[in-house]
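Student: Please find one structure pasted underneath; my questions will follow.
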Amino acid sequence: MSTVRYLAQGDGSADGVDSVSRKLVQMLTARGETFAAAESLTAGLLCATVASVPGASAVLRGGVVTYATDTKALLADVPKDVLATYGPVSELTARYMALGVANKTMADWGISLTGVAGPTMQDGHPVGEVWCGLKPPGASYLDGVTAVRLPVNKDGSRAEIRRQAVALALELLMKNLGAE
C-alpha cells in the first residue's frame, strides 16, 4: 500500500502544475501505469490539466465529474448510505470515489477530489475543505485506499481553490509514485 505524505501548501501556479503534469505523464508512462479521476469541486480540471500534456493518452484512462451528490453514487460507486451519513465532502466519500473511478475505468491509480470551493459553506463544511482520495495499484478494496485533507488556502477565490486542489492532488499522486 502506498503512503500518503504531508503536503506543503501549493500555490497552484500554471507553470508548476504544467511541470508536474509533464513529469506525471513521463513517470506513469515509464512504469506502464494508468490513472483515472473522479472530480467534484474541480469539475474535470484535473483531467483537463493532464490531458494538455502530449502523450497523456498513454496514461489517462478517463474521468468522471461528480459535481452533484447523487452522481457520486451513480458514476463513482459511492454507497448511498455513505453519502447520507458522511456527506459528499468527507474522507470516506473521497476514498470510495477514487476506488470507484479506478474500477470503472480499469486504471491502476484512482484519484478523487471533493470539497467546497465557495463562496459559502456547504452542508456545514467550510470553504477550502478539500479531500483527495488515492487508490494505488493492487488495491481492490477500500482498505487499500487512502484520503488526505489537502492544505488549500481557504482565502482564495473559487478559481484559486480549484487550481490549488488540482496542484496538490497531482503533487500527492507524484509523491506516492516516489517522486521527490
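The values are calculated or read from the model by the stated rules, or taken from the named source; none is laboratory data. On a predicted model such as this, the values are computed, not experimentally measured, just so you know. For neighbour counting, all protein chains shown are included, and Cβ atoms are generated from backbone atoms with ideal geometry for every residue, glycine included. Surface accessibility is based on the protein's heavy atoms, side chains included, excluding ligands, DNA and RNA. Shrake-Rupley method; radii C 1.70, N 1.55, O 1.52, S 1.80 Å.
Student: Quick one: work out the % antiparallel among DSSP beta bridges in segment 1-157, nearest 5.
Tutor: 50
Student: From the backbone phi of segment 41-57, what are the Karplus-calculated ³J(HN,Hα) couplings (6.51 cos²θ - 1.76 cosθ + 1.60, θ = phi - 60°) in whole Hz, Gly and Pro given as x?
Tutor: So the J values, rounded to whole Hz, are 4, 8, 6, x, 5, 5, 4, 5, 5, 5, 5, 6, 8, x, x, 4, 5.
Student: Taking amide hydrogens as modeled 1.01 Å from N in the peptide plane, which residues meet the under 5 Å criterion relative to Val64, leaving out close sequence neighbours?
Tutor: Ala37, Ala38, Glu39
Student: Compute the FRET efficiency between Glu91 and Ser57 as 1/(1 + (r/R0)^6), taking r as their Cβ-Cβ distance and R0 = 45 Å, and round to the nearest 0.05.
Tutor: 0.90
Student: So, one more: Please list, in chain and number order, the residues 5+ apart from Trp109 or on another chain whose amide H is under 5 Å from its amide H, with Hs placed from the backbone.
Tutor: Thr34, Phe35, Ala36
Student: Note down the magnitude of the dipole of the chain about its Cα centre, charges +1 on Lys and Arg C-beta and -1 on Asp and Glu C-beta and zero elsewhere, to the nearest 20 debye.
Tutor: Taking the Cα centre of the chain as origin, the dipole is about 220 debye.
Student: Shifting gears a bit: What number do you get for the chain when its Cα radius of gyration is normalised by 2.2 N^0.38 Å, N = residues?
Tutor: 0.92
Student: Another question about this same structure. On a full-extension model of 0.36 nm per residue, what is the gain between Asn153 and Tyr67, subtracting their alpha-carbon distance, rounded to one decimal in nm?
Tutor: Stretched out fully, the Asn153 to Tyr67 stretch lengthens by 28.9 nm.
Student: How much accessible area per residue does segment 75-180 have, counting only protein heavy atoms and a probe of 1.4 Å, in square angstrom?
Tutor: Counting only protein heavy atoms, the per-residue value for segment 75-180 is 41 Å².
Student: Applying 1/(1 + (r/R0)^6) with R0 = 30 Å to the Cβ-Cβ distance of Asp143 and Ala30, what FRET efficiency is obtained, to the nearest 0.05?
Tutor: My answer for the efficiency is 0.60.
Student: Moving to a separate point now. So how much slack lies between Ala48 and Ser19, counting 0.36 nm per residue of separation and subtracting their Cα-Cα distance, in nm?
Tutor: 9.0 nm
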